[in-house]
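Computed from the coordinates by the stated procedures, all read-outs in this text should not be read as laboratory data. What you see is a predicted model, and the numbers here were worked out from it, not measured in a lab. Cβ: placed from backbone, ideal geometry, glycine included. Neighbour counts: every protein chain shown.
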Amino acid sequence: MEKLISRGAEADIYLGKWGPLDAVYKVRIRKPYMNEVLDSFLRRTRTLREAKMLRTARAYIPTPHVLYVGPKSYVLVLEYISGRVMKDELNSNPSLAFYMGVYLARLHSNGIAHGDPNTSNMILGASGKYYMIDFGLSYFTERIEDYAVDVHLFREILNVQHTEVYDEALRSFYEGYFSESKIEKNRMLDKLDEIEKRGRYSRRRSFQF
Amino acid sequence: MIGLGIESTAHTFGASIMSDDGKILSNVKDVYRPPEGMGIHPREASRHHSDVAPRVLKEALRQAGVSYRDLDFIAYSAGPGLGPCLRVGATLARFLSAYYDKPLVPVHHGIGHIELGSLLTGARDPLVLLLSGGHTMILAAHMKRWRVFGETLDITLGQLIDQFGRYVGLSSPAGPQVEALAQKGRKFIQLPYIVKGNDISYSGLLSAAKKASRKEAVEDVAYSLQEVAFSMLAETAERALALTKKQELMVVGGVAANKRLREILEKVAERHGSRLYAVPQEYAGDCGAQIAWTGVLYYRSGVKVQPESAFIQQKWRIDEVDVPWRS
């Protein structure tokens, strides 16, 4: 491990070597505020889960190779993908969201929810190939509800991080998503509506009294 | 300039007089308490509000040393909240506005929490954790709106704690009592930890905690419930801090009074080179001051309504509301 390149919510990311290869070290570190039992449970299960889901998802979309899994040291070593993050490109090119739509639909069609589909989790590789990363919250599911949550999360990210291009990016995302999805468009949009209404203050219902 | 703020969204009926330099001239409230183990009954709560309103209003004016005629505007919490409760505050505000010929300013309750928090803590451009009975949200201001970075997919943190408290026989609002129980807990019981992207889900945690309380010591369950619920929130706060690189993390709303939560958030902020701004405990819960101060901000921005078009909204998304004074 050489250089700390980012500090996320649940892991520190280092750039280093794995043999002759450039590699990313994803280290899930101890959270000083968290109960120890809970902390080590989360770090262990997420490290294992991420490795497994990265490998499974590779059958459907490009993901980095898993080079090493250390459930006791909470370390994952991954192939390094050089390129740019979608987050930094989307505001100047909102149609890139199309690819997020395609990739999510492929995962969903194969029974996988990503769990954290934000624009920081797609790398536009220098080779021209696009990669999805960060599978720590990913899981197997057959429920349309879980797929709709993925879509909801992406919409939420567009709304806060790409406010200026929200409409255009969302249109491209849907175009990509429904070009590959097995789920009918109206069914997905109804489900989304249901999720966004649930238990929260979603609908405008103003009245005079 | 001075204004009156009336709060009546849920348990609390409150009235406050504030001046436009941010001085709280008075802040009086009376909180409805349902019987032990029961939730808030909207009709009973609204009856309570009607009963205490004259006294609370009179006392707010007396402490501030002003009369209705001295006011520049009257602000009320227009939602979101319980219909019958909102109606008490709104009806009073509309009457006072029409009778004394004062501008009427409707205020979103959640924005009230945020703006009073900003005033009292000095946070200028914070990432906000809004944790009240009705909201569990992570927000940042952008393009004149509060944008939601993450939120609960089902029940709020306030509801989680309150409903657990009621289940084990405490009276609502049960936050402080659950916190006291948790301080005596020692054993950690594994409960569902559900984070989805920047969102969280508490309903599975609530069912599991209720179930656990039937065979484990209630102190241990309360302790574990808090640890899991707060850690979930801390994780999403960390995500939002990593994304936004905000220098200020502000926590407001009733649950912000919880000491363990504050301790956790201190460490979260520290890890990301940010600082925690926690609303002072006495202003964490619902109160008139949050409405009076936000009323000042709206009144200054020229937002007011005619008494005859006064409204309430039981459901009202915070990200649908313009905040002209924000970046």
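Below is a table of values for the structure above.
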{"item": "Other protein chain Cβ atoms within 10 Å, averaged over every residue that makes up A:29-42", "result": "5"}
{"item": "Scattering curve values for the range B:74-215, log₁₀ I(q)/I(0), Debye with Cα scatterers, q = 0.12, 0.16, 0.21 Å⁻¹", "result": "-0.67, -1.03, -1.30"}
{"item": "Helix B:109-121 vs. chain B, principal-axis angle (Cα, 0 to 90°, nearest 10)", "result": "90"}
{"item": "Computed [θ] at 222 nm, deg cm²/dmol, chain B (DSSP H ≥ 4; -39,500 (n - 2.57); rounded to nearest 500)", "result": "-14000 deg cm²/dmol"}
{"item": "Share of alpha-carbon pairs per 20 Å distance bin for the protein assembly as shown, given as whole %", "result": "22, 52, 24, 3, 0"}
{"item": "The range A:83-197: Rg to Rh, with Rh as the Kirkwood radius over Cα pairs", "result": "0.94"}
{"item": "Separation in nanometres of the label points that stand 7 Å from Cα toward Cβ, at B:E266 and A:T45", "result": "3.0"}
{"item": "Global form of the range B:1-140, assessed from the alpha-carbon gyration tensor, a/c cut-off 1.5", "result": "oblate"}
{"item": "Radius of gyration, Dmax [chain B; alpha carbons; angstrom]", "result": "19.4, 60"}
{"item": "Kirkwood-type radius of chain A, with distances r between different C-alpha atoms, in Å", "result": "18.3"}
{"item": "Fraction of beta bridges assigned by DSSP in the range B:122-283 that are antiparallel (%, nearest 5)", "result": "55"}
{"item": "Three-way shape label, the range B:70-140, alpha-carbon gyration tensor, a/c 1.5", "result": "oblate"}
{"item": "For the range A:3-79: rounded, prolate or oblate by the Cα gyration tensor [a/c cutoff 1.5]", "result": "oblate"}
{"item": "Helix-only CD estimate at 222 nm, as mean residue ellipticity for chain A, using -39500 (n - 2.57) per DSSP H run (n ≥ 4)", "result": "-13000 deg cm²/dmol"}
{"item": "For B:R275, distant residues with modelled amide H under 5 Å away", "result": "B:E248, B:L249"}
{"item": "For B:G150, distant residues with modelled amide H under 5 Å away", "result": "B:I138"}
